[in-house]
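One structure is given below, encoded as structure tokens.
Read the figures in this text as sums done on the coordinates, not as results from a lab. Just so we're clear, the structure is a prediction, and the values are computed from it rather than from any experiment. All Cβ positions, glycine included, derive from the backbone under ideal geometry; neighbour counts span all protein chains shown.
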Amino acid sequence: MQTATERFDKLDNLKLLLIFLVVLGHAADLYANVSHATGMMRFIIYTFHMPLFLFVSGLVSKRNVTQRRYSHIATYLGLYIFIKVINFAANWATTGVLPRVTVFADSGEPWYAFCLFAFGFLTIVFEKLKPVYVLIFSVLLACLAGYDTSIGDAFCLSRIIVFYPFYYLGYWLDSRKVCAFFQSVWIHSGRHRWRWP
């Protein structure tokens, strides 16, 4: 089990880059129809930034699952509700119109927190099963979900199904080996002065 220091040393820079890409991707939404280059940039960012974000989330969530830290996992649900309340209040204050309340249906910002809450509990439920079977089943389910138009934003179900394989793969893999792999790739690319911390 890696220490917190090792985890931060290896993954925090990647998380910072991904947060920047999330912001950049949302900013590109505003100009995607105006500029072809901006539309292409948004397309490229959206193809990998959330899957990679959830993969990293799986890498750093091992103790929450293996030690059954239910209170830690439940904080994501609290964060989801907090963001929903803030968004509700902000929309009401800026528009003067009482927004429609959707407690467990979201396609906006809070979905990520709700998915982390769901992923933590799902991974605890699946812990006794062989990881390879869980991964194969979740990938097949995610592929099939893409063809089912009835799966929507209720309980963030579409995102839970589609993104769970990335989270689970991160949970399943050894964080130190993943970081060592990225470091070796970085070093062998010839850019020694930019090597992974």
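Basic side chains Lys and Arg get +1 at the Cβ, acidic Asp and Glu get -1 at the Cβ, and with that the dipole of the chain about its Cα centre reaches some 660 debye. Does the chain classify as rounded, prolate or oblate by the C-alpha gyration tensor (a ≥ b ≥ c root eigenvalues; a/c under 1.5 gives rounded; else a/b over b/c gives prolate, otherwise oblate)? Judged from the Cα gyration tensor, the chain comes out oblate (a/c at least 1.5, b/c at or above a/b).
In this structure, V139 and R176 have a Cβ-Cβ separation that, at R0 = 35 Å, corresponds to a calculated FRET efficiency of about 0.90. Comparing Cα centroids, the range 55-75 and the range 28-53 end up 30 angstrom apart. Think of the chain as a dipole: +1 on every Lys or Arg Cβ, -1 on every Asp or Glu Cβ, centred on the Cα centre; then among F182, Y168, G39, F182 lies furthest on the positive end. Per-residue ellipticity at 222 nm from helix content only, as computed over the chain with -39500 (n - 2.57) for each DSSP H run of at least four residues, stands at -24000 deg cm²/dmol. Total lysine pairs in the chain at Cα distances under 20 Å, for residues eight or more apart or on different chains: 7.
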